[in-house]
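Structure, as structure tokens:
Nothing in this text is a laboratory measurement; each read-out follows from the coordinates by a stated rule. Being a predicted model, the structure only gives us computed values, none of them experimental. Positions of Cβ are generated from backbone atoms using ideal geometry, with glycine treated the same way; all protein chains shown enter the neighbour counts.
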Amino acid sequence: MRRPDEGYRVEDVWGEARPFEGGAPWPQRQDSFLEPGVQSADVDEWVPSACVLCSNGCGLDIAVLAGRMVGVRGAVTDHLNRGRLGPKGLYGWQGQTRDRLTTPLIRGRDGRQREASWEQAMDEVVARSRSILEAHGPLSHGFYTSGQLMLEEYYTLAVIGKAGIGTPHMDGNTRLCTATAAMSLKETFGSDGQPGCYEDIDACDALFLFGHNVAETQTVLWRRILDRLGGPRPPALVCVDPRETSVAEHADIHLPVRPGTNLALLNGLLHEIIDRGWHDAGWVADHTWGFDELARVVERHPPDRVADICGVSADSIKAAAEVFASHSAIVSTVLQGVYQSHQATATACAVNNLHLLRGMVGREGATVLQMNGQPTAQNNRECGADGDLPGFRNWANIDHIRDLARLWDVDESVIPHWAPPTHAMQLFRYVEQGSVKFLWIAGTNPAVSMPDLSRIRSTLGGDRCFIVVNDGYHTETTRLADVVLPAALWGEKTGTFTNTDRTVHLARQAVDPPGQARSDLRIWIDYARRMDFRSDSGRPIPPWTDPEEAFDAWRECSRGRPCDYSGLSYDRLGRTSGIRWPCTDDQPDGTARLYTDGRFPSGSDECEIYGHDLDTGGTISRQEHRARRADGRARLTAVDYQPPPQELDGDYPLSLVTGRTVSQFHTRTKTGRVPVLDAAAPTAWVELSHQDANTLNIATGDVVRLSTRSGRLELPARVVDSRPGTVFVPFHYGEALSGSGQPANQLTLTAWDPVSKQPTFKVVGVRAERVIDGKKR
Ligand SMILES: Nc1nc2c(c(=O)[nH]1)N[C@H]1C(S)=C(S)[C@@H](COP(=O)(O)OP(=O)(O)OC[C@H]3O[C@@H](n4cnc5c(=O)[nH]c(N)nc54)[C@H](O)[C@@H]3O)O[C@H]1N2
Ligand SMILES: Nc1nc2c(c(=O)[nH]1)N[C@H]1C(S)=C(S)[C@@H](COP(=O)(O)OP(=O)(O)OC[C@H]3O[C@@H](n4cnc5c(=O)[nH]c(N)nc54)[C@H](O)[C@@H]3O)O[C@H]1N2
Ligand code: SF4
Ligand SMILES: [Mo]
């Protein structure tokens, strides 16, 4: 048998099959990888943790030898992976062992960054922060974080920002990632929180994947699905994706919709369910509100009209609706093909509608999974270092604000709640305009990952704002910083994080951070102490100093809220690989499914938001919300399809879709430093359909210039089976590693969904032309 140390799992992405029957547990299969030359018997210690290279959160142990990470093995008892790891999980950690930032850097008057001590760097940060706060007040400060830090770090920063400083300008790159997931759950059910869990995939009889290339982006979850497809009584599979992905290849029905037309398709499916009387009218009447309006809107979306809009046949739409109607346990997943689109929240909610119409939430095998992408995105949403308040509290509900004021021992007026929290796109606008003068970035690389890069780079590169960046490596963003702080990464610090299906893991520190690198938690506590933030009774804000104390404070903050962690502790988490919240004294083993009684947290006193007009993004007031009497019922939302604002035209006739490839993670800071992963996809490319390639006289290997309203990029072409009119570019490639500088976000635009404010990375008009003939190179 081949050993994984040969790197073969980069090709054999999903590993060996272990087919199983619906309802049975997914068989175990332990994957492991040790550095060449190291044997299992050599390992000093296996430290329990979980993978941080996607939202699946596979449980694993880190192998430590002589104080170094030397490998990983999957946790066979973990319900998320049952021992499996994908290529990033197996090999990705190696990227952390090279090329790290080891000392703080300060930019001098000459513009050059120079090494400095922690003392000097923190003095500089605090001096600037203090003088800017004194002169301009709390609205001068912004924080832009991540979906990749630990729960304890988000909660600590949330308390510093919201109780110490009092700024509403805090968001995460979760805005680019899962803002729509969170918003759609709030709009439909009243609160964030995944209704179901992965065991629902084991039990379902049909699966619908909306804009989710799970085969490349959550490879272990796809193995689980493949093992169901290979076993007795496999579920039906419906895939909605313009591209011929591996998911599409395995699907019973593939709907390769025109990019940006998801809502038309969803309205078409809803139309069929209602028109043919396939909905569960009794359940709908008891547990939802909004049916009549929904029926009116979808009436305007018969399959023939939808077929024209989406560019798929009316028969295939009807067939997909029939699959939804004829199965009794359906799981739908939703990800970036929906979230990064112009009617993102309305579409994600429309998927929730499908489930509500048939009473398919809160029971085994029947749920919607509004997926996350990043490993700890969920925690930023829970803990409130993004545009949310901690514990899914409602910024417009004064009782919720008072709760926090009591907990933090500050006046309620300090906690920003006079307007909706600032979203990332707006935060960068404030930096551009000069009102935010101090911006702290941690755990994200916006100089590659934000849309419309030339604008973002000139905003960050200007001298109107003082910029601090915490990262483990030199990146395109650290280059633009005034102070760079070297961060400890995963395995070098202790903390907890929560995956897509609410499973919480404790990830223990396995090794020391390199050089002088420090955890983000330690950095922010140090900042808070130096700033001397104090509560009303004079205690330091925050009062804790280490991760476990931060976790215990968070347990109190979450007590009684939907995301209740009060029954969890480091001790408890250390004894089991993964427990789902809510976890309380009454439910000490956690909770697999929410809403099993058909009751939702939608009442005016408990809900996380009062909601939006999903067409325009206008907010609904408390009075309006009360008048609707949701009282525990879920909301059926109703929105007409609108064409994308950047309708394709003669100048930009093709649709540009940006996204991921299996071997690379985001801006490649980790995966680009792992030889076997890097070699699998070292540079960017553009995928074109055979038909477009023919028309444009382009062949695989030619260099193609892509132009959009925002920029240009030249990339080698690959001609593939795909929907004509759709062009795909992976977004991973900045300059720091590949040297050639091919960030797809040079092509994307400043545009976002009106409700979740998530940027529309998947809908851009583009022109393609051949600039170099590959045969003549
Ligand atoms: N290998 C790898 N895995 C990852 C990551 C990574 O960087 N690399 N990142 C993680 C993170 S943070 C995230 S958010 C997830 C993202 O995971 P996914 O959402 O699965 O990944 P994407 O490639 O962004 O987009 C998914 C699909 O949307 C399709 N799509 C584009 N436009 C449309 C449309 O209009 N309608 C529909 N229905 N589909 C459309 C694309 O063709 C693409 O196949 O992956 C996570 N896992
Ligand atoms: N065109 C286009 N753009 C996209 C997307 C797309 O599909 N198309 N997808 C969007 C999505 S869904 C996402 S999630 C974003 C991802 O975009 P980014 O978050 O910007 O990408 P990463 O490369 O993951 O950046 C994380 C940074 O944090 C550092 N880091 C890792 N762990 C730690 C830690 O513990 N502490 C600190 N301080 N630093 C740490 C890493 O070294 C890295 O530099 O990209 C978005 N941008
Ligand atoms: S599926 Fe995600 S969490 Fe699991 S090993 Fe792969 S990258 Fe890590
Ligand atoms: Mo993401």
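Please compute the modelled spin-label separation between A285 and E556, points set 7 Å along Cα→Cβ, answer in nm with one decimal.
Taking the two extended label points, one gets 4.9 nm.
Compute the relative contact order of segment 265-314 as a whole-number percentage, counting only Cα pairs closer than 8 Å that sit 6 or more residues apart in sequence.
50 percent
How would segment 179-371 be classified by its alpha-carbon gyration tensor: rounded, prolate or oblate, with rounded meaning a/c under 1.5 and the a/b versus b/c comparison settling the rest?
The shape class here is rounded.
Nearest 5 is fine: what % of DSSP beta bridges in segment 654-776 come out antiparallel, could you say?
Rounded to the nearest five, the antiparallel share is 60 percent.
I'd like the distance between the alpha-carbon centres of segment 489-511 and segment 236-277, rounded to an integer number of Å.
35 Å
When only C-alpha pairs under 8 Å and at least 6 residues apart count, what is the relative contact order of the chain, in percent?
19 percent
Between E16 and A127, what length in nm is gained on full extension when 0.36 nm per residue of separation is reduced by their alpha carbon distance?
Taking 0.36 nm per residue and subtracting the Cα distance, the gain is 34.3 nm.
For S117, put the label point 7 Å out on the Cα→Cβ axis and report which residues of segment 474-497 keep their amide N under 11 Å from it.
Under cut-off, by backbone N: nothing.
Considering only segment 179-371, what is the antiparallel percent among its DSSP beta bridges, to the nearest 5?
5 percent
Where a Cα-Cα gap under 26 Å defines reach, which lysines qualify for K318, not counting those fewer than 8 residues away within the same chain?
Qualifying lysines at Cα under 26 Å: K762.
To one decimal place, what Kirkwood hydrodynamic radius in Å is obtained for the chain from all pairs of distinct Cα atoms?
One over the average 1/r among Cα pairs gives 26.3 Å for the chain.
Calculated FRET efficiency, R464 and R406, Cβ-Cβ r, R0 35 Å, to nearest 0.05?
Working from the Cβ atoms, E equals 0.40.
Straight-line reach from K670: which aspartates and glutamates have Cα under 12 Å away, leaving out those fewer than 8 places along the same chain?
Straight-line reach from K670, under 12 Å: D99, D471, D678.
Let a ≥ b ≥ c be the square roots of the eigenvalues of the Cα gyration tensor of segment 654-776; is it rounded (a/c under 1.5), or, if not, prolate (a/b larger than b/c) or oblate?
Oblate.
When DSSP beta bridges are limited to those with both residues in the chain, what percentage is antiparallel, rounded to the nearest 5?
In the chain, DSSP labels about 50 percent of beta bridges as antiparallel.
Which order do D613, D678 fall in if you start with the one that has the fewest other Cβ atoms within 10 Å?
Least crowded to most crowded, the residues run D613, D678.
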